[in-house]
Amino acid sequence: MKSFTQDDIKDKELLEKLINEEADRIYKSETARHNRSYDNIYSTVKQGKIAEMYLVESGRFKFADLKWHDLVSANLDGTIEYSEVKAYDVDDWNSPYVQRDIARYRSEKWCKSTWYYLFQYRNATYKLLAVLRIK
């Protein structure tokens, strides 16, 4: 997969709507907010949502219908799989931050995601670093 930027997103209006909806939902939840400002939440959501939108616009994914889940894809046998999409300023998937994040998704009962897509986000450019099976 080639690297991309926000400029590569076609439906910028939908992107902005999705960013605002998720940022609002997180900010209104004390447990999800973690004492962060709205601007901090918005920035974090935007960083990840651009990567999600890029994958959706590639045609293989749809936005998940489950709260706190990112994307869903259909397999040839008709089953579906959920995927988490993360965009961090890291060099590889072995960073301690990413490893803690993966461990959290593996252990949480609410998480139905099978896959973890990790993008490096650096200088406003996204690069796919890893696709990991988490369940």
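To keep it simple, each residue is scored yes or no on (1) more than 15 Å from the chain's Cα centre (by Cα); (2) within 13 Å of Phe63 (Cβ to Cβ).
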{"residue": "Lys12", "(1), (2)": "yes, no"}
{"residue": "Leu15", "(1), (2)": "no, yes"}
{"residue": "Ile19", "(1), (2)": "no, yes"}
{"residue": "Asp24", "(1), (2)": "yes, no"}
{"residue": "Ser29", "(1), (2)": "yes, no"}
{"residue": "Arg36", "(1), (2)": "yes, no"}
{"residue": "Val45", "(1), (2)": "no, no"}
{"residue": "Ile50", "(1), (2)": "no, no"}
Q: Filter segment 5-19 down to residues that are in a helix (DSSP H, G or I) and in contact (Cβ under 8 Å) with a residue 12 or more places away in the chain, then give me how many there are.
A: 6
Q: Please indicate, with yes or no, whether at least one residue in segment 48-59 is farther than 30 Å from Leu76 by Cα and surrounded by 14 or more Cβ atoms within 10 Å (Cβ to Cβ).
A: no
(Q) Can you tell me how many residues within segment 72-126 are within 13 Å of the chain's Cα centre (by Cα), part of a strand (DSSP E or B) and without any contact (Cβ under 8 Å) to a residue 24 or more places away in the chain? (A) 1
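Only the coordinates and a few stated rules stand behind these numbers; no lab work does. Being a predicted model, the structure only gives us computed values, none of them experimental. Backbone-built Cβ (ideal geometry, glycine too); neighbour counts: all protein chains shown.
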